[in-house]
Amino acid sequence: MQKDRFSIPMLKCKRCGHEWYIRKPQSPRLCPNCKSPYWKTGSEYKQDLGLDIQKAANIEKTLIILVEDLLRDPNRWSEVVETGWKRMFQTSDFPIKSLKPILDEGFSIYSWFINIPKVSLGLVDDILQILQKSGSTTSGMVDEVQKKARDALEWESVSKEFNVEVIKILGFLWFADSLTDELRYPEAEAIIQKKAWWLLERKIGREEQETITLIEQTVQRIDENNKGATCWAEVIRFP
């Protein structure tokens with residue numbers, strides 16, 4: 001990984017030679033130029049994929065142990081939800097659906113994208129409070145920037161659409177996704193995704209199709225009713 005004089009990380013595709021600046025903390029899945037999922041490697045692909053699959057097998061074991069712990073101690077859901085929702089928000093750009101709410105709250109497009117990662121961490125705190133059924137949010141204790149961003153997102157009304165089931169499902173799936181950072185290949189990542197869905201269905205008792213329908217209906221209601229800055233279907237999503 002190279003860095004320019006402003007210390008902004010730069011990546012290079014080993015397949016086509018394309019270079020680009022990294023925008024998110026997670027390693028990209030594809031080269032934006034040639035779309036190859038193998039942009040990190042050259043001829044060593046087969047050997048490295050074998051190592052990746054071995055790592056995936058260890059991650060599978062970690063997930064199995066985690067589910068057993070969740071069944072014994074439901075309090076561990078807070079840890080899973082916090083990690084999972086942070087992962088979901090951090091991998092989203094909170095794409096702009098309408099500029100008006102952003103401009104009305106005093107943001108420029110640049111300042112919006114600079115501040116939204118910090119704002120999203122505060123949203124996770126609210127999600128945890130819903131999970132814990134505290135009946136309150138942290139919106140009264142945030143700084144002015146976060147308050148304005150929440151208003152632009154219409155977060156108060158959006159957050160009311162999330163029930164405990166939705167929060168747990170997305171938290172678990174994105175928690176599993178967070179474990180894939182050490183993997184290099186989509187084939188190995190797919191093993192973890194498949195295992196997470198299997199555990200969700202067989203151990204936690206959430207049928208896959210019912211789960212998909214529940215999340216889709218929740219996001220549809222939000223986007224139908226929300227006039228705020230972002231398209232929530234591109235934020236509240238599956239890995």
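What follows draws every value from the coordinates through simple rules; no lab data is involved. Not measured: the values here are computed from a predicted model. Note that each Cβ is placed from the backbone with ideal geometry, even for glycine, and that neighbours are counted across all protein chains shown.
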Between the stretch 117-131 and the stretch 163-239, the Cα center-to-center distance that results, in Å: 17 Å
Violating pairs (Cα-Cα greater than 32 angstrom) within the set LYS35/LYS55; LYS14/LYS227; LYS40/LYS195; LYS61/LYS148; LYS35/LYS100; LYS160/LYS195: LYS14/LYS227; LYS61/LYS148; LYS35/LYS100
Label point distance in nm, SER98-GLU144, each placed 7 Å from Cα along Cα→Cβ: 2.5 nm
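Between GLN220 and LYS14, 0.36 nm times their residue separation minus their Cα-Cα distance comes to what?
Values: separation 206, 0.36 × 206 = 74.16 nm, distance 3.98 nm.
That pair, GLN220 and LYS14, stretches by 70.2 nm at full extension.
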Anisotropy class of the stretch 45-234 from Cα gyration tensor, a/c 1.5 cut: prolate
Approximate spin-label separation ARG29-ARG72, in nm, with each point projected 7 Å along Cα-to-Cβ: 3.4 nm
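Take each complete run of DSSP H in the chain, measure how far its Cα atoms stretch along the helix's own axis, and keep only those covering 15 Å or more with mean Kyte-Doolittle hydropathy at least 0.0; list them. Don't skip to the answer; put the middle values down first.
Values: long enough: 45-72 (40 Å, 0.07); 77-90 (19 Å, -0.68); 109-131 (33 Å, 1.10); 164-178 (21 Å, 1.29); 186-202 (23 Å, -0.45); 208-225 (26 Å, -0.92).
What comes out of the filter, once short or polar helices are dropped, is 45-72, 109-131, 164-178.
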Distance (nanometres) between label positions extended 7 Å along Cα→Cβ at ALA57 and GLU207: 3.4 nm
With at most 13 other Cβ atoms within 10 Å, longest stretch of the chain clear of loop GluC sites (Glu not before Pro) (DSSP): 45-206
